[in-house]
Structure formats: C-alpha cells, structure tokens
Amino acid sequence: MPGRYPISLDLSQKICLVVGGGPVAERKVKSLLECGALVRVVSPEITPGLENLADEGRIDCRRRQFRPPDLEGVFLVIGSTNQETVNRQVAEEGVARNLLVNIVDDPRKGNFFVPSIVKRGSLTIAVSTDGKSPMLARKIREELEVIYGPQYQEYLDLVGKLREDVIRNVQDPEKKREILESFAADGVLGLLKEGRIGEVKEMLLNAYCGCGP
C-alpha cells in the first residue's frame, strides 16, 4: 500500500457529518466545532453532551437512523456507530460521492485516518501509524504531551505577533532573517522546554528590539 499524504484541513464553515451519538462521536463533534466546522449529527440516541450542544444550537442534530440524503452538502463524514452495517453504508455512500470519509473503528473502509494529536494552541503535532497500531500512536502522543507543555502556546502567541511586526517593519533582509532565527535559537528553546516562559518572553522581546543575541 502506498504511503499517505498528511495535510491540515481548513474546515471553517464546512458541513461535517458525524453518524453516531456515543462518547466517541461526541469527542469527534467537539473537535470539529473547535475547527469552525458546521456539524451535523445523525443518530437515534445521543449523549447528554451532544444533547446540550443541540439545545444550544451549535449542531444540527437529526434523531434517527442515517439516510443517504444526510450527505447532501457535506464536505467530510465520520462514521462512529456500533453497527457495522451502518458504518459500511456511511463509508460506501460517502466514498461514492467523493467525500472525505473516516470510519472510526475501521479506517480502511474510508479514505483518511485521523492521527493522534497533541495540541498546544497553534502547535499541532500529529502521530499516525496508518492504522497499524493506534495504541503505539497513543503512547507516543502521551510522551509528546509531557515534552511539549502549555508554555508552547504562550511562546507561539508571542512569536506570531512579533514575527508579523518584524516582517512588516524591518526592511533589511539580513537583519530580518537574524531576528526571526533568534526567536527559535537553542537558548530560547532550551528555556522553553524547562518551562521558563518568563525568561523566554524577555529574550524574544530583546531580540525584537535588536538588543538580544
């Protein structure tokens, strides 16, 4: 089997269908909402969490069995039921319509895998074994969660703002490159790894002002 091509999708304002109403489906729905997707859920029964989201108007919830017309206007579909026949139907109908399809308990039925994710603000680290060992992917993700703590979100929030200012205001290409490289210098990243975010911010600001190394 050829290798897979990893991508990050922009799902903002795109209709994403989740077929299923259990805890796994709820996790998928919440992840899609975080990405700005318009989420449609089809399931006869749903968790209290999904019911709350429906009551708040945050998801389009259809309390019944899946029907092929549910795929109309859909960009991406996730099958997350405990019924193999339903999951198979979702996969076949979705793939036939050239949609992005993931079946949670058997990704081979669809056309994409969802990797194990470490998320720290704008930092996203994805781990995938192409479905061969989800347990290994989870173990690696857990290790990465320890290595890359919440301080990386603060770092990226500041670096993102400083980088925009540097690109906009620094005219000398060499000086611009020097400043941008200093934002990810070994000394900065070493302090960041140790969680010394206050010192990191000071170094970044000094570098931006031209006072740093």
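The values are calculated or read from the model by the stated rules, or taken from the named source; none is laboratory data. Computed from a predicted model, the values in this text were never measured in an experiment. Because the Cβ atoms are built from the backbone with ideal geometry, glycine has one as well, and the counts that use them run over all protein chains shown.
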query: In the stretch 51-66, which residues are surrounded by 13 or more Cβ atoms within 10 Å (Cβ to Cβ) and closer than 15 Å to Ala37 by Cα?
result: Leu53, Ala54, Arg58, Ile59, Asp60, Cys61
message: Being in contact with a strand residue (DSSP E or B) (Cβ under 9 Å, 6 or more places away or on another chain), in a strand (DSSP E or B) and not polar (S, T, N, Q) is the filter here; which residues of the stretch 109-126 pass it?
response: Ile117, Val118, Lys119, Ile125, Ala126
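Residues Lys119, Lys132: which one is over 19 Å from Arg27 (Cβ atoms) and either aliphatic (A, V, I, L, M) or surrounded by fewer than 16 Cβ atoms within 10 Å (Cβ to Cβ) (or both)?
Values: Lys119 fails: over 19 Å from Arg27 (Cβ atoms).
On inspection, the qualifying residue turns out to be Lys132.
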task: Quick one: which residue in Ser80, Ser128 is in the same structural domain as Pro23 (by TED's automatic domain parsing) and of a type outside the set (Lys, Arg)?
output: Ser80
- prompt: What number of residues in the stretch 67-87 are over 20 Å from Cys35 (Cβ atoms), part of a loop (DSSP other than H, G, I, E, B) and free of Cβ contacts under 8 Å to residues at least 60 places away in the same chain?
  reply: 3
- request: Mind telling me which of the residues Leu156, Leu180, Leu144 ends up being within 27 Å of the chain's Cα centre (by Cα) and modelled with pLDDT under 95?
  value: Leu180
- line: Those residues of the stretch 1-21 which are among the hydrophobic types (A, V, I, L, M, F, W, C), over 15 Å from Gly110 (Cα atoms) and assigned to a loop (DSSP other than H, G, I, E, B) amount to Ile7, Leu9, Leu11
task: Go through (1) surrounded by fewer than 18 Cβ atoms within 10 Å (Cβ to Cβ); (2) within 19 Å of the chain's Cα centre (by Cα) and name the single condition Pro2 misses.
output: (2)
query: Residues Val77, Val18, Val42, Val86: which one is over 25 Å from Ala126 (Cβ atoms), surrounded by 14 or more Cβ atoms within 10 Å (Cβ to Cβ) and either in contact with a helix residue (DSSP H, G or I) (Cβ under 9 Å, 6 or more places away or on another chain) or modelled with pLDDT under 95 (or both)?
result: Val42
query: Which one is nearest to Arg64 (Cα to Cα) among residues in the stretch 98-119 that are out of contact with any helix residue (DSSP H, G or I) (no Cβ under 6 Å at 6 or more places or on another chain) and of a type in the set (Lys, Arg)?
result: Arg108
- prompt: Of the residues that make up the stretch 167-186, is at least one touching a helix residue (DSSP H, G or I) at 6+ places or on another chain (Cβ under 6 Å), farther than 30 Å from Asp106 by Cβ, surrounded by fewer than 16 Cβ atoms within 10 Å (Cβ to Cβ) and of a type in the set (Gly, Ala, Ser)?
  reply: no
- prompt: Is it the case that Arg58 is of a type in the set (Lys, Arg) and assigned by TED's automatic domain parsing to the domain that holds Val19?
  reply: yes
